[in-house]
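Here the structure is laid out as C-alpha cells; the discussion comes afterwards.
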Amino acid sequence: MKTLQTLLLLFLISICVNGQDRKADSLVLVSIYNKLDGPNWVGADNWLSDKPIENWKGVKLVNDRVYKLNLNNFKVKGQFPVEVSKLDKLNTLEIKGGELIGGIPVEIQELKELSRLILDRDKLDGEIPNIFKNMDNLATLTLNTNNLTGTLPDLPENLTLFYAQNNKLSGAIPESWRNHKLEALILERNNLTGSFDIISTFPNLFSLDLDRNDWTASIFPTWIDDVPKLHRFSCEYCNLYGELPNDLDFSNLEEYYGMFISGNKLSGDISLLFNNGDYGKKMYLVARNNEFSGKVPIDKIKSFFSFQVNDNQYSSLSKLSKDALIGSCDISGNNLNFEALEPIRNLIEADSVFTYNKQNDLLTKDTIIISTATVIKIEAGDNHPNTKYKWMKNNGVLSENSSELSIDIQDNSSSGTYMCVLTNDIFPLLKIRRNSVVVKVDISTGTKQSDIDELVVFPNPTNGILNLKGLDRTVSNQYTISSINGNIVKFGALKSSDNLDVGGLDSGIYILSIGDTIKQRKIKIIKF
C-alpha cells in the first residue's frame, strides 16, 4: 500500500510540474506577443484568446510544452524578445518577414534543444554573435536577407544547413569550418573575401552557393568534381578566370545535376562540365556572360533540362544528336550568324526550345582612311544562301543586296558610316548587324602642292585661333571650312585680319579652302 501511495504522489507531482511548465510557456508567449506589436499582427489567429495555446497559430506543443514557434509573415515589429530563451523545450523557431530591432541576442544559446533557427527577412543588423558553436542540437540556421555585418561565425559540429545570403558579411571563411559536416551552404550576395577552397574539405556537401562576393580571383576550382555528394554548385560573379581544367570529370558523382557559373571570365571546353557519359539525368548548366568561344558543343549533350551559354563569344554550333533530350537552350548574345545556325535549322523550324534571337554585331568595327580615288569592298560577314542584306550609309538605305558592298570613291562625298542589316526567312526571329565601317575620304591632298605651300596655317592642330601666312591680297579671299565628308560647317570672307577663329567647331579633321573661283588654296586642319 505504501508503494502505491508513493507512485500516486509522484504522478500528482508530475502533473503539477508539467502544468506549471505549460503555464510558464504560455506567459512567455504572451510576453512575445506584447513586445512584438501583437495587436497589429497579420493572420495570428487565436493569439491571446480563450482557446488553449496549442490552438494559437504558429504554436505547436509536444508533451504539453512549446516545441515549435512559427511567426512567419505575422509582420512582427520590435526588439528581439529575449524571453524566447525561456522556452527550454523549443525545437524550432521561425520568424520571417518581420522588423526586428537590433541584432541576434546571445540569450538564444540557452535554447539547448533548438534544432531549427530561421530568421529571414527580419531587418536584423549588427554582427552575428559567436554563440552557435555551443548549440549541439542545431541542425538548420538561416539568416537570409538581413543587414548583418562582421565575419562568419563558428558553427556547431552537427549543423547541416547554413544560409546567410543577402547580408553585409565580410572577411574570409573561418578555419574552424575545415572538415565540417555541412550539407548545404549559401553565402550569396555578401562582401566575403579570400579563398573558398576550404569548402573542398566538406565530405557531406551537396549544395553550394557562393555567388556575388569579393572572392580573390582564381581559376576554376579543380576540387569541385571531387566533392562526393555534390548536387549543385553556384559560383556566379566569383572572379573566376582562365580555361577550365582539362581533367574535370563529373561522371562519378551520382547525384550531380549541374552548376551556375555566369559572370566570370572562364574559357575553354565547356563540355568538361557535363562529361557524364551515359548519366542520363536531366542536367542544367548556366554559364552566361563568360569568354567561351569557338564551337558550342551541343553534340555532346545527352540530357539537359536547361543549357544556357548566352552572352559568350561562340561563333559556330555543332549538331545536336537525334536521341538527345533537352528542355531549353539559350545561345543568344554570341557571334553566331545565319550560316552558323544552320546545324539547328530543323529544330528552329519546328519551334524548338532554342533561344537564338539576339546575336552580337558581326565582325569588328573598322575605320578606313582614303586619300586617293579607289574602290573598296566591305564584307557583311555571312554567306548563308537565304540571307538578305540591307546596306546603309549614314542611316540612309543603299540599293546593294549582296554579302559584299563595293564603294567607288572618287571624291570626299564617299565619306560616311556604312553598315549592313542581315535578315533570313529561315531564322525569322533574328536580325543581325554588320558592325559599322567608318570611311574617311580626304582627296584634298590631290591639290597642287604649290598651292598648298603658298598658304601656311598655324598652329595646326589648334583649339581656337588659326594664324594664316601667305594670303594673296590681290584676290578675294573667301573661305569655307568643310567636314571630312564634304559638309560645309563655316564660311565667310577674310578681310584685313590674318587669323581665323575656329573655336566653335567640334573636335575633328576639316578642310579649309581659301580663294576665289579662279584659284583655290586648300589645307587640312585639325581642331582638338
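Out of all the residues in the stretch 273-280, is one or more assigned to a loop (DSSP other than H, G, I, E, B), under 24 Å from residue 185 (Cβ atoms), without any contact (Cβ under 8 Å) to a residue 40 or more places away in the chain and among the charged types (D, E, K, R)? Break it down stepwise before answering.
To start, the set of residues in the stretch 273-280 that are assigned to a loop (DSSP other than H, G, I, E, B) comprises 275-280.
From what's left, under 24 Å from residue 185 (Cβ atoms): 276.
Add one more test, that the residue is without any contact (Cβ under 8 Å) to a residue 40 or more places away in the chain, and what stays is 276.
Okay, now just the ones that are also among the charged types (D, E, K, R), so none.
Within the stretch 273-280 (the criterion being assigned to a loop (DSSP other than H, G, I, E, B), under 24 Å from residue 185 (Cβ atoms), without any contact (Cβ under 8 Å) to a residue 40 or more places away in the chain and among the charged types (D, E, K, R)), the answer is no, since none of the residues qualifies.
Taking only the stretch 387-402 into account, find how many residues are part of a loop (DSSP other than H, G, I, E, B) and modelled with pLDDT under 90.
Start the filter on the stretch 387-402 by keeping residues that are part of a loop (DSSP other than H, G, I, E, B), which leaves 394-395, 398-402.
Subsequent filtering for residues that are modelled with pLDDT under 90 retains 395, 398-402.
Count: 6.
Of the numbered conditions (1) basic (Lys, Arg); (2) farther than 18 Å from residue 85 by Cβ; (3) outside any loop (DSSP other than H, G, I, E, B), residue 133 fails exactly one; give the number of that condition.
(2)
How about the stretch 81-114: which of its residues are hydroxyl-bearing (Ser, Thr, Tyr) and under 22 Å from residue 160 (Cα atoms)? First the steps, then the outcome.
Residues of the stretch 81-114 that are hydroxyl-bearing (Ser, Thr, Tyr), as a first pass: 85, 92.
Listed by number, the list holds a single entry, 92.
Please go through the stretch 161-182 and pick out each residue that is surrounded by fewer than 18 Cβ atoms within 10 Å (Cβ to Cβ) and polar (S, T, N, Q).
Matches in the stretch 161-182: 170, 176, 179.
Among the residues of the stretch 410-424, write down those that are in contact with a strand residue (DSSP E or B) (Cβ under 8 Å, 6 or more places away or on another chain) and either under 24 Å from residue 344 (Cβ atoms) or assigned to a loop (DSSP other than H, G, I, E, B) (or both).
Selection gives 411, 415, 420, 421, 422, 423, 424.
Six or more apart or on different chains, Cβ atoms under 7 Å: show the pairs whose first residue is in the stretch 244-265 and farther than 18 Å from residue 186 by Cβ and whose second is charged (D, E, K, R) and outside any loop (DSSP other than H, G, I, E, B).
248/225; 249/225; 250/225; 253/225
Are there strands (runs of 3 or more DSSP E) fully within the stretch 437-513 with at least 1 residues that are modelled with pLDDT under 80 and on the phi > 0 side of the Ramachandran plot? List them. Before the answer, list the steps.
On the way: elements: 456-458, 465-469, 478-483, 488-493, 499-501.
In the stretch 437-513, the matching strands (runs of 3 or more DSSP E) lie at 488-493.
Every residue, every condition in (1) touching a Phe, Trp or Tyr at 6+ places or on another chain (Cβ under 9 Å); (2) under 15 Å from residue 172 (Cα atoms), yes or no:
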position: 193; (1), (2): yes, yes
position: 198; (1), (2): yes, yes
position: 201; (1), (2): yes, no
position: 214; (1), (2): no, yes
position: 220; (1), (2): yes, no
position: 235; (1), (2): yes, no
position: 241; (1), (2): yes, no
position: 245; (1), (2): yes, no
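Against the definition (under 19 Å from the mean Cα position of the chain (by Cα) and free of Cβ contacts under 8 Å to residues at least 60 places away in the same chain), how does residue 346 come out, yes or no? Spell out how you get there, then give the answer.
Values: under 19 Å from the mean Cα position of the chain (by Cα): no; free of Cβ contacts under 8 Å to residues at least 60 places away in the same chain: yes.
No: the conditions fail for residue 346.
Which members of the stretch 45-60 meet the condition of being surrounded by 17 or more Cβ atoms within 10 Å (Cβ to Cβ) and part of a strand (DSSP E or B)? Steps first, answer last, please.
Taking the stretch 45-60 as the starting set, the residues that turn out to be surrounded by 17 or more Cβ atoms within 10 Å (Cβ to Cβ) are 47, 53, 56, 58-59.
Selection gives 59 alone.
Would you confirm whether or not the stretch 152-168 contains a residue that is farther than 30 Å from residue 28 by Cα and basic (Lys, Arg)?
Scanning the stretch 152-168 turns up at least one residue that is farther than 30 Å from residue 28 by Cα and basic (Lys, Arg).
Does residue 74 meet the test of being in contact (Cβ under 8 Å) with a residue 40 or more places away in the chain and out of contact with any helix residue (DSSP H, G or I) (no Cβ under 8 Å at 6 or more places or on another chain)? Steps first, please.
Working: in contact (Cβ under 8 Å) with a residue 40 or more places away in the chain: no; out of contact with any helix residue (DSSP H, G or I) (no Cβ under 8 Å at 6 or more places or on another chain): yes.
No; evaluated as a whole, the condition is false for this residue.
Mind checking which residues of the stretch 74-94 are among the charged types (D, E, K, R), under 19 Å from residue 140 (Cβ atoms) and part of a strand (DSSP E or B)?
94
The values are calculated or read from the model by the stated rules, or taken from the named source; none is laboratory data. Keep in mind it's a predicted model, so treat the numbers as computed, not measured. For neighbour counting, all protein chains shown are included, and Cβ atoms are generated from backbone atoms with ideal geometry for every residue, glycine included.
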